[in-house]
Amino acid sequence: MWYGYAADAVVAIHVAYIAYVVVGQVLIVLGAAFRRQWARNPWFRFTHLLAIGVVAVEEWYCWRCPLTVWEEQLRQMGGQSVTGETFMGRFLHDMMFVDDHLSMDAITMLHYAFAVLVAQALVMYPPRMWRRTHVPTLPVA
């Protein structure tokens, strides 16, 4: 039973990860269009690029996502099906995995295309560089 709840938590983290990448990109594009400085925040932009970069590397090397593997292992230890037994587990799992509707090649191409879109936004609307604090110097006599 506890393994099932832990698996549901892993799925929730996975959905949050995906939402960070997708919603983050929408916010970057809107922020660029309206010239908002928060959209140029380097922490946000580089962690966003890293998040989709991890997905692209997983696709390139045909690695399974560790969050998916971890969820499946927890469900197996809990004696549950892959989609889970709780409402939230099934809802989040079905929202995230669209394997039944798209081919694996289409999903791979979507991951790559999104990585290119994030990189393109990084070039077209670059993050501002980190600011250095000004250290006053004594005048030379």
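Structure summary
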{"item": "Residue list for segment 54-82, filter: among the hydroxyl-bearing types (Ser, Thr, Tyr) and under 10 Å from Ala7 (Cα atoms)", "result": "Thr68"}
{"item": "Phe44 vs. criteria out of contact with any Phe, Trp or Tyr (no Cβ under 8 Å at 6 or more places or on another chain), surrounded by 14 or more Cβ atoms within 10 Å (Cβ to Cβ) and part of a helix (DSSP H, G or I)", "result": "no"}
{"item": "Among (1) assigned to a loop (DSSP other than H, G, I, E, B); (2) touching a His at 6+ places or on another chain (Cβ under 6 Å) - the single one Glu59 does not satisfy", "result": "(1)"}
{"item": "Test: residue in segment 125-138 that is surrounded by fewer than 10 Cβ atoms within 10 Å (Cβ to Cβ), of a type outside the set (Lys, Arg) and at pLDDT 85 or above", "result": "no"}
{"item": "Whichever residue in segment 73-120 is without any contact (Cβ under 8 Å) to a residue 40 or more places away in the chain and acidic (Asp, Glu) and, among such residues, is surrounded by the most Cβ atoms within 10 Å (Cβ to Cβ)", "result": "Asp94"}
{"item": "Selected residue (criterion: surrounded by the most Cβ atoms within 10 Å (Cβ to Cβ)) from residues of segment 23-41 that are closer than 27 Å to Phe91 by Cα and in contact (Cβ under 8 Å) with a residue 24 or more places away in the chain", "result": "Gly24"}
{"item": "Criterion: closer than 26 Å to Ala33 by Cα, in contact with a helix residue (DSSP H, G or I) (Cβ under 7 Å, 6 or more places away or on another chain) and either of a type in the set (Phe, Trp, Tyr) or in a helix (DSSP H, G or I) (or both) - qualifying residue of Ala121, Ala113", "result": "Ala121"}
{"item": "Scope segment 45-57; condition in contact (Cβ under 8 Å) with a residue 40 or more places away in the chain and not basic (Lys, Arg); matching residues", "result": "Phe46, His48, Leu49, Ile52, Gly53, Val55, Ala56"}
{"item": "Verdict on Asp94 being modelled with pLDDT of 75 or more and closer than 19 Å to Ala19 by Cα", "result": "yes"}
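The values are calculated or read from the model by the stated rules, or taken from the named source; none is laboratory data. In this text, all values refer to a predicted model and were calculated from it rather than measured experimentally. Neighbour counts are summed over all protein chains in view; Cβ atoms, including those assigned to glycine, are modelled from backbone coordinates with ideal geometry.
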